[in-house]
1. Output the number of residues of region 466-494 satisfying the condition of being in a helix (DSSP H, G or I) and aliphatic (A, V, I, L, M).
2. Looking at (1) in contact with an Asp or Glu (Cβ under 6 Å, 6 or more places away or on another chain); (2) modelled with pLDDT of 85 or more; (3) not in a helix (DSSP H, G or I), which is the only condition LEU176 fails?
3. Look through region 281-305, keep the residues that are closer than 16 Å to GLU318 by Cβ, at pLDDT below 85 and not small (Gly, Ala, Ser), and return whichever of them is most open to solvent (accessible area, probe 1.4 Å).
4. Inside region 439-465, can you point out the residues that are in a helix (DSSP H, G or I) and open to solvent by less than 30 Å² (accessible area, probe 1.4 Å)?
5. Among ILE128, ILE161, ILE153, which is surrounded by 19 or more Cβ atoms within 10 Å (Cβ to Cβ) and at pLDDT 95 or above?
6. With GLY464, GLY383, GLY428 as the choices, which residue is closer than 25 Å to ASN505 by Cα and modelled with pLDDT under 80?
7. Collect the residues in region 503-536 that are open to solvent by 30 Å² or more (accessible area, probe 1.4 Å) and touching a Lys or Arg at 6+ places or on another chain (Cβ under 7 Å), keeping them in residue-number order.
8. Find the residue count for region 201-230, including only residues that are more than 15 Å from GLU306 (Cβ to Cβ) and part of a loop (DSSP other than H, G, I, E, B).
Amino acid sequence: MSMLKAFLEIGCDKSLFEGLEIYNETQLCEKYMGLFPVISISLKTVHGSNYEFAKNELCTVIANEALRFRFLLDSDKLYEEDKSLYRQLIHVDKSLKSAFAMSDTAITNSLNTLSRLLEKYYERKVIILIDEYDVPLAKANERNYYDEMIVLIRNMLDAAIKSNQSLYFAVMTGCLRVSKESIFTGLNNPKVYSLLDAECDEYFGFTDAEVRHMLDYYGLSGYYDTTKEWYDGYRIANAYVYNPWDVINWCNQLNTNPDKSPKSYWKNSSGNEEVKRFIRRMGNGVTKAQIERLVSGETVQKAIEEQLTYNTMYDNVENMWSLLFATGYLTPSEMPDGNLARLKIPNNEVRDIFSEFILELFEEKVAEDGTLVTEFCSALKNGDTADVERVFTKGMRKTISIRDTAEPPRTKCIGMGGSSCRRAERGGVSRVRKEFKENFYHGLILGIMFFKSDWGVTSNRESGDGYYDLQIEIEEDEIGIVIEVKYAEGGNLDAACAEALDQINKNNYTAELIEDDMHKILKYGIACYKKQCKVVLERETY
């Protein structure tokens, strides 16, 4: 949206677009470039804890945009009555008791009023850009003032777009169409581009060719496979695209520290409320098997409803599947058949988000079961491998398991000089790396140990010649425990346990424990496969 504003607005810095493809579109540039007054707002910050607070936040958004045009107060083209209306928008009317005060009528007519004043000044019709128009509705629904907010937003958009004689055109973005709310009742021929429409499919994110070019530009081409695994995979009609926010942040991180591992940037910019609610529905319309298939890289067939309403989206689980699709947590593995789509988790980043909330729910269940922590820790301390297996298996049954999946799909870039990338998929299944599976089971053990506050528990820290999974120091007993977790692909638990112990010994993971005067050392190799586990132990005394 900021790009559109920079391109369309009067006073455009044309040098920003030199050398870009748009600059070669001579007729388009002559018709649009730098020729329009532009009103541009984002409603992302309108998420108050109550209606009055949210309304004040909306007033602030409008006022900050209106302040860009303060020159209107000095214009001979505007009547004094016009300037009085403008002052209401920027909150400088001395009679107002609050810096945020603006009547509902003023809010409703704010964008219409500003459009009319700008048209008078420039003698040109106005373009309006509204980003994330549906965030106020989503937050209002979460915080129980939805009915008031829907009326306010509907009336404001009606005045700004439907009945605005000063409008040239408007562009709005949001996750949901919310058309059943009649927000856009009577709107003159709107064109909607959704995640299932091919007209703009490759513009919802970065294409594979664009990401390759970016990585090459920064000298990061060696990170292509990692970038693809973590941030690609979104199917928009006929195109596959990457999450732009993540790719930009990832490249910036690598330029600063090439040794950094990929992470979820999206998670840090969003509350991920949709996934949290979905996971909490497990057992209440959402089966463990469905979540297991998703996290393991498989697909689940569901009906997609694009025209959801915020006040009913959580009423039934079928709506929640559509919400996860609309908000990017799930993506179709192939073009839907009617409204039926095979949905999957698009990449490692989103899988990491799912995993985090599954483990969070697991911790809550562990907290409810007071015996699990006591039994597991007692078995660990005493070196009772059979009991460790029994109790950990009991814990695993409280959450999902990780399934083995097929080989990864082949990728072939076709069409438009490689600017769109289409995958030859094997039933929509993508392989989940062994490291993710091991991290998941590692997280389950850590979730149990979290409640053992009198033990010194550390995770993924350097010791000897590598990084151990878990280390425990029981100071009063001078007992040190090191745990290495392996995923037993194909179910060969014995081989995985042997590999875990070999890694502990080869990398000298017990070095820190010995240095800290732990005289009894317990080395555990734990192998997991679905909801099965095997535990082996080696003991040392110093």
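1. Adding up the residues that qualify gives 1.
2. Every listed condition holds for LEU176 apart from (2).
3. ASN284
4. PHE440, TYR441, HIS442, GLY443, LEU444, ILE445, GLY447, ILE448, MET449
5. ILE128
6. From the options GLY464, GLY383, GLY428, the qualifying one is GLY464.
7. LYS530, LYS531
8. Of the residues in that region, 5 qualify.
The values are calculated or read from the model by the stated rules, or taken from the named source; none is laboratory data. Just so it is clear, the model here is predicted, and its values are computed rather than measured. Neighbour counts run over all protein chains shown; Cβ positions are idealised from the backbone, glycine included. When the accessible area is computed, the model is the full protein with side chains, heavy atoms only, and any ligands, DNA or RNA have been set aside. Shrake-Rupley method; radii C 1.70, N 1.55, O 1.52, S 1.80 Å.
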